[in-house]
Amino acid sequence: MTLYIIANPHSGNRSAKDIIATLKNHSEQNVITFFTRYRNDEENQVKQVLKSFQCSQDKLLILGGDGTLSKVLYYWPAEIPFAYYPIGSGNDFARALGLRKNPIQLMKSLEKAPKEITVFTYQKGLVLNSLDLGFASWVINHVEHSKLKAKLNKYHLGNLIYVLTAIQCLIKKPAFASLVLENEVGESIELKDLFFFSLANNTYFGGGVMIWPDATAYSGNLDCVYAKGETLWKRALVLLTLVLKQHKRLNYFQHQTYRKITLKPAESSLIEIDGEIVSLDEVTLSPQKRYIYL
């Protein structure tokens, strides 16, 4: 068996090479590593692996954050299992599945049968954790354009920018989201002026903030969670409900589940998928089975 690794060298404060060295010390197999060289290089690295990958005996390990995992899986054949070692800043996918940063446990998992999970594909990628409009997309977009983030990163305080931006979003009325949802049988609902909107395939986003307690990649469903926030007080209550994990006890959130969904956002709406802003006029999310070593 050969263990192929596709790794993002910039994830985890550039710790990928040290982790790979540790994994090699715990592996009796041949290990071949491919590093992503620049943004959106995952497709090229997958092609390189597949040139010599033998499905009957070889294994793939993806090493990086949720963004790296999402992009690699989009190009990786759905029927071939994979393993994942999380070294990103949020690691929400790993948190929900109970994955730990343990090299010995990882190598043992490669000897077991893989577990079935569901991701949701769309025309330009796939959703591991969530698709978000309103609050989450507003925060991500402002952080991406913030000069303060680079300064805070120098002092290992990069995550603080998300807290500061979230507070700004709470106080300053953000651009609310409006959209139309259409389910797989053609039924539509129109949602207007939402402060928070999420289609969740996972329990968490934003480094451990709970979207919905029952959302999981094991279910095969998307959990649609949304809320309005016309006033500062209502926006504060929505965010407190998230932070305190009181989604079901308090009635600030609306919730439905979908198997397949088409989303048509208003022109002014920002869309964020797994921590990245995307530009799409319409998104159709379809379930796809994947297989992971746990």
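Each reported figure results from applying straightforward, stated rules to the coordinates on display, with no laboratory input. What you are looking at is a predicted structure, and each value in this text was computed from that prediction instead of being measured. Please note: Cβ atoms are built from the backbone with ideal geometry, for glycine as well, and neighbour counts cover all protein chains shown.
Phe93 sits among other residues whose Cβ lies under 11 Å from its own Cβ, and their net charge, with Lys and Arg +1 and Asp and Glu -1, is -2. A 21 angstrom limit on the alpha carbon distance is what I want to check against. Which of Lys59/Lys101; Lys71/Lys264; Lys17/Lys124 exceed it? From Lys59/Lys101; Lys71/Lys264; Lys17/Lys124, over 21 Å: Lys71/Lys264; Lys17/Lys124. Between Gly65, Gly98, Gly125, the Gaussian network model of the chain with springs among Cα atoms under 10 angstrom shows the greatest mean-square fluctuation at Gly98.
Neighbour counting of Cβ atoms within 10 Å sorts the residues Asp214, Asp41, Asp281, Asp92, fewest neighbours leading, into Asp281, Asp214, Asp41, Asp92.
Mind checking which of Ser178, Ser27, Ser269 has the largest fluctuation in a GNM of the chain, springs on alpha carbons under 10 Å? Of Ser178, Ser27, Ser269, the Gaussian network model singles out Ser27 as fluctuating most. Helical runs (DSSP H, four residues minimum) scored at -39500 (n - 2.57) apiece and divided by the length of the chain put the mean residue ellipticity at 222 nm at -8000 deg cm²/dmol.
Would you tally the net charge around His255, using a Cβ to Cβ cut-off of less than 10 Å, leaving His255 out, and scoring K and R as +1, D and E as -1? In short, -1.
Between Leu250 and Tyr218, the simple spin-label model (points 7 angstrom out along Cα→Cβ) gives 2.8 nm.
Would the range 168-294 count as rounded, prolate or oblate if I go by the C-alpha gyration tensor, calling it rounded below 1.5 in a/c and otherwise prolate when a/b exceeds b/c, oblate otherwise? Oblate is the answer for the range 168-294, as a/c is 1.5 or above yet b/c matches or exceeds a/b. Axis of helix 232-243 versus longest Cα principal axis of the chain: the two differ by about 30°, to the nearest ten degrees. Beta bridges per DSSP, both residues in the chain: antiparallel share near 75 percent. Fewest neighbouring Cβ atoms within 10 Å first, the residues Lys172, Lys260 line up as Lys172, Lys260. Net charge in the neighbourhood of Leu237 (other residues with Cβ under 13 Å of its Cβ; Lys, Arg +1, Asp, Glu -1) is +3.
Across every direction, the projection of the convex hull enclosing the Cα atoms of the chain has a mean area of 15.4 nm². Tell me the angle of helix 16-25 to the major Cα principal axis of the chain, expressed in degrees between 0 and 90 and rounded to the nearest ten. That helix lies at roughly 40 degrees to the long axis. Stretching the chain fully between Glu116 and Arg259 yields a gain of 49.8 nm (0.36 nm per residue, less the alpha carbon separation). Among 282-294, 183-195, the peptide with the highest mean count of other Cβ atoms within 10 Å heads the list, and the full ranking is 282-294, 183-195. Put in line by how crowded their Cβ is, counting other Cβ atoms within 10 Å and starting with the fewest, Trp233, Trp76 read Trp233, Trp76. Convex hull volume per residue, computed on the Cα atoms of the range 21-123, equals 124 Å³.
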